[in-house]
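Working notes, beginning with the structure itself.
The values are calculated or read from the model by the stated rules, or taken from the named source; none is laboratory data. Everything numeric here is computed off the predicted structure, so don't read it as measured data. Neighbour counts run over all protein chains shown; Cβ positions are idealised from the backbone, glycine included.
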Amino acid sequence: MAKEWKEAELMLHFQLNKIVATQTRLMQEWFDVEKPIFDSYEMRRFEESLSLAQENIGGWNEEDLKMYFISNVLYLSGLMSQGNKGYVGVFEKHLSATINGIKLSVRTDFLVAKGFKNIVEKPYFHFQEYKPQLNPGGEPMAQILEAFLIGQAKNGTPIPLYGCEVIGKQWVFVIMEANTYCVSKSLDCTDRDDLLQIISMLRKFKEILETRLLID
């Protein structure tokens with residue numbers, strides 16, 4: 001069985017630095033987005049998803065959260081590509097690598113990577129979620145960091161890696177550059193303005209991916 005790392009353990013073992021009080025340049029760029037423009041179908045889907053979350057998120061289990069809500073947010077973000085643009089969005093993907101003699105292995109709930117269909121070549125974005133609270137068997141932030149470290153080992157080039165942690169209704173965005181990761185303030189997905197911000201940021205990542213990361 002793979003070791004269940006804690007965030008603090010990964011920070012110590014891999015000499016990681018955490019930034020929470022201020023935003024890095026890339027995090028500022030990611031947050032500096034305008035509200036998304038929806039067509040009529042997307043607006044209906046947004047309103048239905050928001051209403052479902054506001055009424056039911058407290059009673060959803062993990063699968064309910066994925067199927068009723070997160071899948072809709074990912075659809076509205078445009079990240080669920082199957083390779084026609086040079087990248088794929090895949091669910092339940094296992095990643096592993098040995099770094100400095102230490103074996104890391106993690107399952108990402110959703111992963112955006114260079115690849116085709118279910119073939120992953122170069123990871124760019126890692127999504128981890130738990131409902132309704134921290135899983136006693138693992139920390140989502142630790143799993144994001146594991147995925148980032150594995151991604152750095154696989155990518156071979158020093159590109160920033162992006163991610164998102166979801167615990168219940170709280171969404172937190174993360175960017176890792178070299179050995180430093182920046183954690184954003186928390187957004188409440190049952191708040192209309194925060195949910196618009198979440199979707200805008202995911203769309204912004206798609207823009208960053210297609211115009212910057214894929215060409216590196």
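Every residue in region 1-28 that is in a helix (DSSP H, G or I), closer than 20 Å to TRP171 by Cα and in contact (Cβ under 8 Å) with a residue 12 or more places away in the chain, please. Within region 1-28, GLU7, LEU26, MET27 meet the criteria. The condition of being surrounded by 20 or more Cβ atoms within 10 Å (Cβ to Cβ), of a type in the set (Val, Ile, Thr) and under 17 Å from GLU7 (Cβ atoms) holds for only one of ILE167, ILE175, ILE198, that being ILE175. Picking from residues in region 58-111 that are in a loop (DSSP other than H, G, I, E, B) and within 16 Å of the chain's Cα centre (by Cα), the one that is surrounded by the most Cβ atoms within 10 Å (Cβ to Cβ) is LEU79. Taken together, GLY89, GLY58, GLY83 contain a single residue that is among the small types (Gly, Ala, Ser), in contact with a Phe, Trp or Tyr (Cβ under 6 Å, 6 or more places away or on another chain) and modelled with pLDDT under 90, which is GLY83. Considering GLU47, GLU34, GLU55, GLU29, the condition of being loosely packed, with under 15 Cβ neighbours inside 10 Å, over 17 Å from GLN128 (Cβ atoms) and under 19 Å from the mean Cα position of the chain (by Cα) is satisfied by GLU29 alone. The residue list GLU42, GLU92, GLU7, GLU34 contains one member that is touching a helix residue (DSSP H, G or I) at 6+ places or on another chain (Cβ under 8 Å), among the acidic types (Asp, Glu) and within 17 Å of GLY163 (Cα to Cα), which is GLU7. Please enumerate the residues belonging to region 201-216 that are surrounded by 14 or more Cβ atoms within 10 Å (Cβ to Cβ) and out of contact with any Asp or Glu (no Cβ under 9 Å at 6 or more places or on another chain). Result: MET201, LEU202, ARG203, PHE205, LYS206, LEU209, GLU210, LEU213, LEU214. The residue list GLU146, GLU139, GLU121, GLU165 contains one member that is more than 30 Å from ASN56 (Cβ to Cβ), within 16 Å of the chain's Cα centre (by Cα) and among the charged types (D, E, K, R), which is GLU146. Within region 110-127, the set of residues being more than 17 Å from ILE159 (Cβ to Cβ) and either at pLDDT 90 or above or small (Gly, Ala, Ser) (or both) comprises PHE110, PHE127. If you check LEU104, LEU65, LEU52, LEU74 for being under 25 Å from TYR124 (Cβ atoms) and touching a helix residue (DSSP H, G or I) at 6+ places or on another chain (Cβ under 6 Å), only one passes: LEU104. Listed by first and then second residue, the pairs with beta-carbon distance under 7 Å, at least 6 apart or on different chains, first residue in region 189-201 and closer than 13 Å to MET43 by Cα, second among the aliphatic types (A, V, I, L, M) and surrounded by fewer than 20 Cβ atoms within 10 Å (Cβ to Cβ), are ARG192/LEU50; LEU195/LEU50.
Condition test on TYR181, is it in contact with a Lys or Arg (Cβ under 9 Å, 6 or more places away or on another chain), within 16 Å of GLN23 (Cβ to Cβ) and surrounded by 21 or more Cβ atoms within 10 Å (Cβ to Cβ)? Yes.
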